[in-house]
Amino acid sequence: MTFTFRLTKEAHIRAMQDMAKRTLAYKVSWVVLGGLAVLSVLVAASSGQDFLRALASSSPYLIVFLGILLFGLPLSYRWTVRQMHRHNRAWQYPHTFDLTPEFLSMRGPLHSAQIRWDAIYKIVETRHTILFYVSKGMAHFIPKDVIPPAELVALRLNLSTWVSGRTELHGAIR
């Protein structure tokens with residue numbers, strides 16, 4: 001199966017977010033910053049003062065914690081992708097992914113790589129992306145919107161066969 005596509009910044013951002021959401025650091029960030037936001041509200045509630053006044057006094061912290069979670073992380077992905085597309089010429093050209101029973105091959109006018117399926121840590125399908133993890137924290141990806149719907153079922157079946165036991169695919173037998 002062969003897929004050729006020009007990677008858009010939006011698809012790249014979605015893929016980075018999909019990868020990040022599966023990391024321990026991302027989950028810990030939500031727990032810590034979310035916990036601090038909840039703690040701010042609890043401190044305001046238990047202060048013995050009027051709740052709204054106490055909440056207002058702790059609101060700068062609450063706003064900072066929630067701002068980092070809701071705006072800081074997504075903005076960091078956008079900035080990173082913008083820099084990657086600006087300073088890496090390979091992202092400016094179409095990419096071709098060839099998936100065969102032996103290899104995942106990726107190529108473009110400025111690069112080529114071939115990875116045996118045995119070297120793939122796992123494959124994860126998200127709402128927007130198919131992630132090919134080469135380690136626990138690094139993945140190559142294909143945006144799902146470049147895969148014709150008629151080929152998606154066959155792709156899932158092939159991937160679950162070629163990378164048996166290491167796939168998290170929608171509608172595929174694992």
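Rule-based calculations on the coordinates, nothing more; no lab input. Note that the coordinates shown come from a computational prediction; the quantities given were computed from them, not determined experimentally. Don't worry about glycine lacking a Cβ; one is built from the backbone with ideal geometry, like all the others, and counts go over all protein chains shown.
Starting from the Cα gyration tensor of the stretch 77-130, take the square roots of the eigenvalues, sort them a ≥ b ≥ c, and report rounded, prolate or oblate (rounded when a/c is under 1.5, otherwise prolate if a/b is larger than b/c, else oblate).
Numbers: a/c = 2.48, a/b = 1.42, b/c = 1.75.
Oblate, since a/c reaches 1.5 and b/c is not below a/b.
Using unit Cβ charges (K, R positive; D, E negative) and no other charged atoms, how large, in debye to the nearest 20, is the dipole of the chain about its Cα centre?
Values: 20 positive and 10 negative charges, 56 e Å.
Magnitude of the dipole: close to 260 debye.
What does the helix-only formula give at 222 nm for the chain: each DSSP H stretch with n ≥ 4 adding -39500 (n - 2.57), the total divided by the residues, and the result rounded to the nearest 500 deg cm²/dmol? Don't skip to the end; give the middle numbers.
Working: 5 runs with 80 residues, N = 174.
That calculation yields -15000 deg cm²/dmol at 222 nm.
Could you give the length gained by full extension between ARG86 and THR161, i.e. 0.36 nm per residue of separation minus their alpha carbon distance, to one decimal place? Intermediate values should be presented prior to the final figure.
Numbers: separation 75, 0.36 × 75 = 27.00 nm, distance 3.75 nm.
Gain on extension, ARG86 to THR161, equals 23.2 nm.
If each of ALA45 and ARG78 carries a label point 7 Å out from its Cα toward its Cβ, how far apart are those two points in nm?
3.3
I'd like to verify something in the chain: which complete DSSP H helices, judged by Cα projection on the helix axis, reach 15 Å or more and average at least -0.5 on the Kyte-Doolittle scale?
Working: long enough: 9-20 (16 Å, -0.70); 24-45 (31 Å, 1.95); 51-67 (21 Å, 1.35); 73-87 (21 Å, -1.00); 149-162 (20 Å, 0.54).
What comes out of the filter, once short or polar helices are dropped, is 24-45, 51-67, 149-162.
Put one equal scatterer on each alpha carbon of the chain, apply the Debye formula with no solvent term, and list log10 I(q)/I(0) at q = 0.20 1/Å to two decimals.
Log10 I(q)/I(0), no solvent term: -1.33.
Which one of GLY165, VAL153, ALA44 is farthest out on the positive end of the charge dipole of the chain, using unit charges on Cβ (Lys, Arg +1; Asp, Glu -1) and the Cα centre as origin?
Farthest towards the positive pole: ALA44.
How large are Rg and Dmax for the stretch 9-89 when only the alpha carbon atoms are used, in Å?
Here Rg and the maximum Cα pair distance are 17.0, 59 Å.
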